[in-house]
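The values are calculated or read from the model by the stated rules, or taken from the named source; none is laboratory data. Note that the coordinates shown come from a computational prediction; the quantities given were computed from them, not determined experimentally. Cβ sites come from the backbone with ideal geometry, for glycine too, and all protein chains shown count toward neighbours. Surface accessibility is based on the protein's heavy atoms, side chains included, excluding ligands, DNA and RNA. Shrake-Rupley method; radii C 1.70, N 1.55, O 1.52, S 1.80 Å.
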Amino acid sequence: MMMLLALFIIPMLFGLYAQARIRSAYAKNVRIPSRGRITGAEAAEAVMRSAGINNVEVVRVPGQLTDHYDPMRRRLALSEENFHGTSLAALGVAAHEAGHAIQHKVGYSMMKVRQTMVPATQIASGASQILIIGGIFLAGQLGYQLMFLGAIALGIICLFQFVTLPVEFDASRRAKQQLVNLGILDRDEMPGVNETLNAAALTYVAAFVAALGSLLHILLTLH
């Protein structure tokens, strides 16, 4: 019983901590302007241009930290604050998303694996809770089978979150390297970028821990 409780509480607390870290790091570094006054959109374009990428559109999207790279549409989306912003946080996030565009161009293997898993993960995300809840309420063999299928769905989600980790870490590595190499930021400005991107990376670790905790919880229940 204590083990099952721990598998629920620990990931939840870790997730809350990760969210608090990214909000704090972003709120702090979004207030620190870069010396070069280059906007996030300009930084993303510069990073991609240096890698020979000229066919990716940089667009503005609503919300905060809604930034993402869409390999299907070849579109790099930046939230309002990061699109127009010149802060250390804005440049770090923008360069990170440009790092994903570079991964796409060079055929980074883990990104390919992640993209291949997207359809199955979307199905698993929608089905996992339905299967598990159905398994809880239905007794006998049918209930067990539904729980087992729910565990498989959670396993797919867990694997997807695990594969996401090297993709995100690598994009941040590329971002930090290019910001300095291209002269967008000076080295003494990088601590703010590092703090922001490291806090963002922690949210992906938390997502994996949450998925793993849910999977282990179900497996122990089945056992």
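Within the stretch 1-35, the set of residues being of a type in the set (G, A, S), open to solvent by less than 60 Å² (accessible area, probe 1.4 Å) and under 20 Å from the mean Cα position of the chain (by Cα) comprises G15, A18, A20, A25, A27. Residues considered: A175, A210, A206. Of these, the only one that is in contact with a Gly (Cβ under 6 Å, 6 or more places away or on another chain) and over 30 Å from M3 (Cα atoms) is A175.
Scan the stretch 27-41 and tell me whether some residue there is touching a residue at least 60 places away in the same chain (Cβ under 8 Å), of a type in the set (G, A, S) and within 18 Å of S172 (Cβ to Cβ). Yes; the residues of the stretch 27-41 include at least one that is touching a residue at least 60 places away in the same chain (Cβ under 8 Å), of a type in the set (G, A, S) and within 18 Å of S172 (Cβ to Cβ).
Here I136 fits the description: surrounded by fewer than 17 Cβ atoms within 10 Å (Cβ to Cβ) and among the β-branched types (V, I, T). Flag set for Q161, criterion: under 30 Å from A51 (Cα atoms) and either touching a residue at least 40 places away in the same chain (Cβ under 8 Å) or loosely packed, with under 14 Cβ neighbours inside 10 Å (or both). Checked against the criterion of being among the hydrophobic types (A, V, I, L, M, F, W, C) and under 30 Å from A46 (Cα atoms), the candidates V209, V180 yield just one match: V180. Going by what's in this entry, would L13 be described as in a helix (DSSP H, G or I) and of a type outside the set (V, I, T)? Yes: the conditions hold for L13. Answer yes or no as to whether L154 is surrounded by 21 or more Cβ atoms within 10 Å (Cβ to Cβ) and out of contact with any strand residue (DSSP E or B) (no Cβ under 6 Å at 6 or more places or on another chain). Here the answer is yes, as L154 does meet what is asked. For the stretch 16-43, a residue qualifies if it is in contact with an Asp or Glu (Cβ under 7 Å, 6 or more places away or on another chain) and in a helix (DSSP H, G or I), and the qualifying residues are A25, N29. Of the residues that make up the stretch 120-141, is at least one outside any helix (DSSP H, G or I), closer than 30 Å to L65 by Cα and of a type in the set (S, T, Y)? No - not one qualifying residue is present in the stretch 120-141.
Only residues that are part of a loop (DSSP other than H, G, I, E, B) and open to solvent by less than 80 Å² (accessible area, probe 1.4 Å): list them for the stretch 44-88, please. Of everything in the stretch 44-88, those that are part of a loop (DSSP other than H, G, I, E, B) and open to solvent by less than 80 Å² (accessible area, probe 1.4 Å) turn out to be A51, G52, I53, V56, G63, L65, T66, D67, P71, G85, T86.
Any residue in the stretch 151-158 that is under 18 Å from the mean Cα position of the chain (by Cα) and within 29 Å of V180 (Cα to Cα)? Looking for residues that are under 18 Å from the mean Cα position of the chain (by Cα) and within 29 Å of V180 (Cα to Cα), one finds none in the stretch 151-158, hence no. Residues in the stretch 177-222 that are open to solvent by 50 Å² or more (accessible area, probe 1.4 Å) and either of a type in the set (D, E, K, R) or not in a helix (DSSP H, G or I) (or both) were compared, and the one that is farthest from E97 (Cα to Cα) is D188.
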